[in-house]
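**Student:** I'd like to ask you about the structure that follows.
No lab work stands behind these numbers, since they all come straight from the coordinates. Given the structure is predicted, the values throughout are model-derived calculations rather than measurements. Because the Cβ atoms are built from the backbone with ideal geometry, glycine has one as well, and the counts that use them run over all protein chains shown.
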Amino acid sequence: MGVRTSSHYLDWDNRPYPFKIYENLPLIPLPHDFPRPEKPALDAVSSIPQSPNTRTVDFRTLAELLFFSAGLTRKMSTSVGVYYMRAAPATGALYPIELYVICSEIPGLKAGVYHFNPFDFALVKLREGDFTAHLAASIGLTGSAFPLTIAFTSIAWRNAWKYEARSYRHWFWDSGVIVANLLATSSAEDLAIRIDLGFVDSQLANLLGLTRGQEAPVALAHIGKARKTSDSKPSEIPLIDQAVKPLFKSNTQ
């Protein structure tokens, strides 16, 4: 039997686009004058504070967390096109992981559900209003909710273009390095953070407006202390149906 058992090849002319771009929704620019972590790197990555600061995360601090977790740091031209380099690496530089923000009102940002657009360093508002109780329901919390959560999702076909059936493994590797950056940045800011891998996938996917069969939630990072909320069951929410830029030039998957 030959070493090569697959006829798969990389179609460089149809390389997947590395950013999820909503075509009909306005951008909310993130501030560029965000704080920079001052704690030494090894101290930040070696431990999470035992008694974190309970201060409220504001818009500038959120920008810091997003930039140092998965922000766009530089671009590099190659013979097969431009590669966009980010704060956290990804297998094949394909970056299948997308970040979303679910928050109650914080200084500088209204309550809502947002998508993080690293290309423009901006947020895209998908839902307006406080949906933290809906998120809490998806993780089994009753009577309390987190004021700010960053959700990690994967666009499956973005790295299946190269890795085929193995791509699902890369979701967790690629989200893991972003989580590590987020933990270190939160530690440097002395912020409480909790990583959550247990949730009802369908509820979370509906909240974020993910395309069924193409995107999936992977992990959650709750920032700040949980707050008490009503024990009433959250109401049903409508689906999000928004046009996004095609993943491939040929728009086939």
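**Student:** Per residue of the stretch 129-135, what does 6.51 cos²θ - 1.76 cosθ + 1.60 with θ = phi - 60° give for ³J(HN,Hα)? Whole Hz please, x for Gly and Pro, Karplus curve as stated.
**Tutor:** x, 8, 10, 5, 5, 5, 5
**Student:** Enumerate the amide H contacts of F119 below 5 Å, restricted to partners 5 or more residues apart or on another chain; note that Pro and chain-start residues carry no placed amide H.
**Tutor:** Under 5 Å from the amide H of F119: no residue qualifies.
**Student:** Follow-up. Using +1 at the Cβ of each Lys and Arg and -1 at the Cβ of each Asp and Glu in the stretch 49-228, identify which of H115, S79, F152 lies farthest towards the dipole's positive end.
**Tutor:** Of the options given, the answer is S79.
**Student:** Next question. Which ³J(HN,Hα) values, rounded to whole Hz and listed in residue order, are derived for the stretch 61-77 from phi using the Karplus coefficients 6.51, -1.76 and 1.60 in 6.51 cos²θ - 1.76 cosθ + 1.60 with θ = phi - 60°, glycine and proline given as x?
**Tutor:** Taking θ as phi minus 60°, the curve returns 5, 4, 4, 4, 4, 6, 5, 6, 8, 8, x, 7, 9, 6, 10, 9, 8 Hz for the stretch 61-77.
**Student:** While we're on this one: State, to one decimal in nm, how far the label point of A41 lies from the label point of L10, with both points 7 Å from Cα in the Cβ direction.
**Tutor:** 2.6
**Student:** Ok, one more. Given only helices, namely DSSP H runs of n ≥ 4 each adding -39500 (n - 2.57), what is the per-residue ellipticity at 222 nm of the chain, to the nearest 500 deg cm²/dmol?
**Tutor:** -7500 deg cm²/dmol
**Student:** For A88, enumerate residues with amide H under 5 Å from its amide H, sequence gap 5+ or separate chain, H modeled in the peptide plane.
**Tutor:** Result for A88 returns G71.
**Student:** Mind checking the alpha-carbon convex hull of the chain and giving the volume per residue in Å³?
**Tutor:** Once divided by residue count, the hull of the chain is 154 Å³.
**Student:** At each listed q (0.25 Å⁻¹), what is the log10 of I(q)/I(0) that the Debye formula gives for the stretch 92-181 modelled as equal alpha-carbon point scatterers?
**Tutor:** Debye curve over Cα of the stretch 92-181, log10 I(q)/I(0) at q = 0.25 Å⁻¹: -1.18.
**Student:** If the only charges are +1 at each Lys and Arg Cβ and -1 at each Asp and Glu Cβ, what is the size of the charge dipole of the chain around the Cα centre, to the nearest 20 debye? List each step's numbers first, then the result.
**Tutor:** Details: 25 positive and 23 negative charges, 88 e Å.
My answer is approximately 420 debye.
**Student:** Further question: Could you give me the ³J(HN,Hα) list for the stretch 27-40, computed from phi with Karplus coefficients 6.51, -1.76, 1.60 and θ = phi - 60°, whole Hz, x at Gly and Pro?
**Tutor:** 8, 10, x, 7, x, 8, 8, 6, x, 10, x, 10, 5, x
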